[in-house]
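Remarks on the structure that follows.
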């Protein structure tokens, strides 16, 4: 671009650089026209449905059913059902608080400025143990004067958040061991790791969930019962650990041999070298692919519906089955999609920030 | 250096000893029946054509490579993976690599501190030591920088400081300047020169012949896994017209060194 050009030629030049890719060839021009036409017809219709003709507030479902536009009042009426599901209505503050605790722990662990602190890793492991215990107790009740709530009634967004956040956290720990195991010089450990990873990757998540829900109670000795939510959690951890292990393996293989040799020669033991030298570099290399798995894990929690647990997607389906509001469902799905998007978008936004931060010190 | 000259504790004694050492990669013999004795405080230059086993020779000293026959001892202790003596050996042996191998996610200072801290030196002491050696390699101003913010020569100087922070008795250099741009070779050789003056035992694989001539007590010429010459530099340079040395010196001269 000409730096000293006057405004007129500069503006024209900019216009040309915008227009050339859009209309430069007949094919491009045709595509541009078609896409513009689609946008021109679709966007006003969408706006009319979603805003102009929409009903925002009403207590009477009938108002909505006769209307052409969106019925956002439905979302307002059902929001608590969609978010908290079958959890006792008067106790909704408990899952809300549990969720806030989990998300606060997440934000605290995500703050990279703290990572250089001494013993921060140990602190985080403790933090998560406390978080898991505290949020589960808050949800389950039965202590400290809290009314006991059956695990079957845990549902909606808190279930989605807990299953996915705890699942991702535990799976990540397991996946590090699996990835290291797969590289191990000890044949037994290596074979076991490979067998585990390949077996789990070769099976759909649904079948692992089914096995966890149905097969586990049969093979475990009677009297040794694990709640359904724990079984589902275990299934998620097992499944996603295998995928994360493969992602980490890719990162491990990208670390030059010289790094191991340098760590060895300055007297680091295998575990010191692994945790201080190798893994920090592996994680840095693996962030984009790991985040991919995290997002998939977050959304795949919706599969617990098949073992009759109601995560966010399940409660959405429950909400739209209310006969009083029959025929209204797009609005509920739009709302749920937005909630998913906020979470997944947040993960993605954070990972990009983190990647940029870690660029300092990249070879 | 602050530490005492290792040769000053009495008369020079055999510190590193190769006795009939052989090493194979599969069926390929990299080292063939090596006999070699290095005294405490000696400065040894190892040179020879590529593939002659020079790097393997020094990598055997700190157990980065295993060997099949014979025995290597460092300070009287056999270097042996089977006997589990390698960690003990590495307390005495520092190493500098051709490609620096700094840890890219740590600053220069952290690179120097990680080893001592792992050997339960206090953080404060490790920091002081790191700063001392970084100043010795004239990298104080860059202590807070990451390796990718440093030039090759600067990285190699940090790598030397990192090795020295463990206060080794021997320093191994595996072609420390051959991955550097020519204009950076000098700064690294200067640091190594100063190090040589402290009386630390050094074994250095290099093709920098004028550096070798200046610091070496003995020069070892290797070819095909064998030591062909083991002489003081005056002798090596006076015999540069003979035998296998001819070809090598011609080659080095071609590179304008």
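We did not get these values from a lab; they are worked out from the coordinates using the rules stated. Just so you know, these numbers come straight off a predicted model, no measurement behind them. Cβ placement follows ideal geometry from the backbone for every residue including glycine, while neighbour counts extend to all protein chains displayed.
Identify, by number, the condition in (1) away from every other protein chain (no Cβ under 14 Å); (2) part of a strand (DSSP E or B) that residue B:83 doesn't meet. Unmet condition: (2).
Answer yes or no as to whether residue A:273 is at the interface with chain B (Cβ under 8 Å from one of its Cβ atoms), free of Cβ contacts under 8 Å to residues at least 40 places away in the same chain and part of a helix (DSSP H, G or I). Judged against the criteria, residue A:273 is not a match. Only one of the numbered conditions (1) free of Cβ contacts under 8 Å to residues at least 60 places away in the same chain; (2) on the phi < 0 side of the Ramachandran plot; (3) more than 19 Å from the chain's Cα centre (by Cα) is violated by residue B:251, and that is (1). In segment B:91-119, the qualifying residues are those that are free of Cβ contacts under 8 Å to residues at least 12 places away in the same chain and more than 7 Å from every other protein chain (Cβ to nearest Cβ), and the one that is surrounded by the fewest Cβ atoms within 10 Å (Cβ to Cβ) is B:117. Counting the residues of segment B:158-182 that are without any contact (Cβ under 8 Å) to a residue 40 or more places away in the chain and out of contact with any helix residue (DSSP H, G or I) (no Cβ under 8 Å at 6 or more places or on another chain) gives 1. If the condition is being in a loop (DSSP other than H, G, I, E, B), out of contact with any helix residue (DSSP H, G or I) (no Cβ under 6 Å at 6 or more places or on another chain) and surrounded by fewer than 20 Cβ atoms within 10 Å (Cβ to Cβ), then segment B:50-80 contributes B:50, B:51, B:66, B:68, B:75, B:76, B:80. Can you tell me which of A:341, A:294 is crowded, with 18+ Cβ neighbours inside 10 Å, under 21 Å from the mean Cα position of the chain (by Cα), away from chain B (no Cβ under 14 Å) and part of a helix (DSSP H, G or I)? Going through A:341, A:294 in turn, the sole match is A:294. Mind listing whichever residues of segment B:120-151 are within 14 Å of chain A (Cβ to nearest Cβ) and in contact (Cβ under 8 Å) with a residue 40 or more places away in the chain? Listed by number, the residues that qualify are B:146, B:147, B:148, B:150. Being in contact with a strand residue (DSSP E or B) (Cβ under 6 Å, 6 or more places away or on another chain), in a helix (DSSP H, G or I), in contact (Cβ under 8 Å) with a residue 40 or more places away in the chain and more than 30 Å from residue A:249 (Cα to Cα): is that true of residue A:138 here? Here the answer is no, as residue A:138 does not meet what is asked. Considering each residue of segment A:149-156 in turn, at least one proves to be in a helix (DSSP H, G or I) and in contact with a strand residue (DSSP E or B) (Cβ under 9 Å, 6 or more places away or on another chain). Restricting to segment A:239-270, and then to whatever is assigned to a helix (DSSP H, G or I) and within 8 Å of another protein chain (Cβ to nearest Cβ), can you tell me which residue is surrounded by the fewest Cβ atoms within 10 Å (Cβ to Cβ)? Applying the filter and picking the extreme gives A:258.
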